[in-house]
1. Restricted to segment 37-51, and to residues that are modelled with pLDDT under 95 and small (Gly, Ala, Ser), which residue is surrounded by the fewest Cβ atoms within 10 Å (Cβ to Cβ)?
2. Identify the residue in segment 1-28 that is buried (at least 16 other Cβ atoms within 10 Å of the Cβ) and small (Gly, Ala, Ser) and, among all such residues, is farthest from the chain's Cα centre (by Cα).
3. Tally up the residues in segment 61-87 that are more than 18 Å from Val113 (Cβ to Cβ), among the aliphatic types (A, V, I, L, M) and touching a residue at least 12 places away in the same chain (Cβ under 8 Å), please.
4. Filter segment 76-112 down to the residues that are within 14 Å of Leu39 (Cβ to Cβ) and aliphatic (A, V, I, L, M) and list them by number.
5. Could you list, in sequence order, the residues of segment 61-73 that are surrounded by 14 or more Cβ atoms within 10 Å (Cβ to Cβ) and either of a type in the set (Gly, Ala, Ser) or assigned to a helix (DSSP H, G or I) (or both)?
6. Which residue, of Val106, Val80, is among the aliphatic types (A, V, I, L, M), surrounded by 12 or more Cβ atoms within 10 Å (Cβ to Cβ) and over 17 Å from Lys10 (Cβ atoms)?
7. Given the options Arg48, Arg12, Arg58, name the one that is charged (D, E, K, R), without any contact (Cβ under 8 Å) to a residue 40 or more places away in the chain and not in a helix (DSSP H, G or I).
Amino acid sequence: MNIADVLDTKGRTVHSVVPWATVAEAVERLEKYRIGALLVSDGENRIRGIVSERDVIRELARRGNRLLSCNVEDIMTRNVATVSSTESLTYAMAQMTRGRYRHLPVVDGGRLVGMVSIGDLVNHRVREMELQTGVLRDAYIATR
């Protein structure tokens, strides 16, 4: 199984925000789409960063209510790791664990093709393991 399989199941929509949007606007989008992170991209669809619920909460603790009027670029994570759609789930999960982040943009040939969360990968992996368990159980029963 690879990242493309996950994207085929969950979809390839990536929600984004421009760097000059306010944190309040980003929070509204996170809530509207019920997601945990937004890709931050400029007008030319280049990845500039990523802003997550964690980023918002941490900065809220530091800045209080005035955070909502700040720009997204003031709190976003700038060094965004990416993965290609041909990479394995295991590789992507290890990368996310090492980097301690929960969302990973998927880029093929310099073009953004989707985004996966750790939840997406775990869910896909669990379904894969359930399928394997069923196949093994059926094979065991058939040989009795």
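1. This residue is Gly43.
2. Ala21
3. The number of residues fulfilling the criteria is 5.
4. Filtering segment 76-112 down to residues within 14 Å of Leu39 (Cβ to Cβ) leaves 76-83, 101-107, 111-112.
Listed by number, the residues that qualify are Met76, Val80, Ala81, Val83, Leu104, Val106, Val107, Leu112.
5. Going residue by residue through segment 61-73, those that are surrounded by 14 or more Cβ atoms within 10 Å (Cβ to Cβ) are 63, 67-68, 70-73.
Passing the criteria: Arg63, Leu67, Leu68, Val72, Glu73.
6. On the way: Val106 fails: over 17 Å from Lys10 (Cβ atoms).
Exactly one residue qualifies, and that residue is Val80.
7. On the way: Arg12 fails: without any contact (Cβ under 8 Å) to a residue 40 or more places away in the chain; Arg58 fails: not in a helix (DSSP H, G or I).
Being charged (D, E, K, R), without any contact (Cβ under 8 Å) to a residue 40 or more places away in the chain and not in a helix (DSSP H, G or I) holds for just one of Arg48, Arg12, Arg58, which is Arg48.
The values are calculated or read from the model by the stated rules, or taken from the named source; none is laboratory data. Computed from a predicted model, the values in this text were never measured in an experiment. All Cβ positions, even for glycine, are placed from backbone atoms using ideal geometry, and neighbour counts span all protein chains on display.
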